[in-house]
Amino acid sequence: MDFLSLSGGLAQFFESGGTVLWVILFVSILLWTLIIERYWYIKLVYPRSLGVDLADWQKREDKASWYARSVRTAILSRISLDLVRSLPTIRVLIVLCPLLGLLGTVTGMIHVFDVVALEGATNAKAVADGVSLATIPTLAGLVTALSGYYFSIRLKQHTESALQHASDLMVEDL
């Protein structure tokens with residue numbers, strides 16, 4: 001399979017899916033960029049950041065006072081915010097994908113009804129093109145949403161685990 005046949009197939013796929021499919025592609029690229037960025041942060045950036053925060057906490061002599069507990073709470077809050085940054089946006093994009101697919105379904109069905117109204121149900125190719133226009137965005141929206149949902153759940157688990165680990169490491173004196 002060469003590049004030209006692959007690009008021709010993709011062009012035909014996007015043409016048969018209509019304008020909504022391009023919007024789903026854009027949302028999908030944004031979604032996966034955010035997911036990859038979060039994994040990159042959790043695996044590469046966060047451990048160094050946690051090391052700095054932990055070293056600052058360990059340098060403190062007072063770990064039992066109200067002020068020390070407030071400092072610990074503030075550090076853990078900042079860590080939590082850093083860990084979950086973009087997760088709400090990821091969730092919104094995941095919810096948006098099936099809705100965009102539904103919009104593609106509606107626009108495709110309008111196309112089918114226009115063809116049937118103008119030419120009658122005898123033009124099977126035009127009706128099939130409209131049905132294709134209706135089903136491809138639905139499929140694309142659902143596939144993007146389901147795969148993104150799986151990884152968003154995994155990201156949430158990673159962030160909760162990382163925050164619990166940070167809390168366990170920042171032991172306060174009683």
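Structure data summary
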quantity: Tally of residues being under 30 Å from residue 54 (Cα atoms) and out of contact with any helix residue (DSSP H, G or I) (no Cβ under 7 Å at 6 or more places or on another chain) across region 127-174; calculated: 11
quantity: Meets criteria (out of contact with any Cys (no Cβ under 8 Å at 6 or more places or on another chain), of a type in the set (Lys, Arg) and over 20 Å from residue 153 (Cβ atoms)) for residue 78; calculated: yes
quantity: Residue in region 157-172 that is farther than 30 Å from residue 88 by Cβ, out of contact with any strand residue (DSSP E or B) (no Cβ under 6 Å at 6 or more places or on another chain), part of a helix (DSSP H, G or I) and modelled with pLDDT under 85 present; calculated: no
quantity: Pairs where the first residue, in region 121-138, is farther than 14 Å from residue 12 by Cα and the second is surrounded by fewer than 17 Cβ atoms within 10 Å (Cβ to Cβ), C-beta under 6 Å, 6+ apart; calculated: 134/109
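The values are calculated or read from the model by the stated rules, or taken from the named source; none is laboratory data. Everything quoted here is computed from the prediction, not taken from an experiment. In this analysis, Cβ positions are derived from the backbone assuming ideal geometry, glycine residues included, and neighbour counts consider all displayed protein chains.
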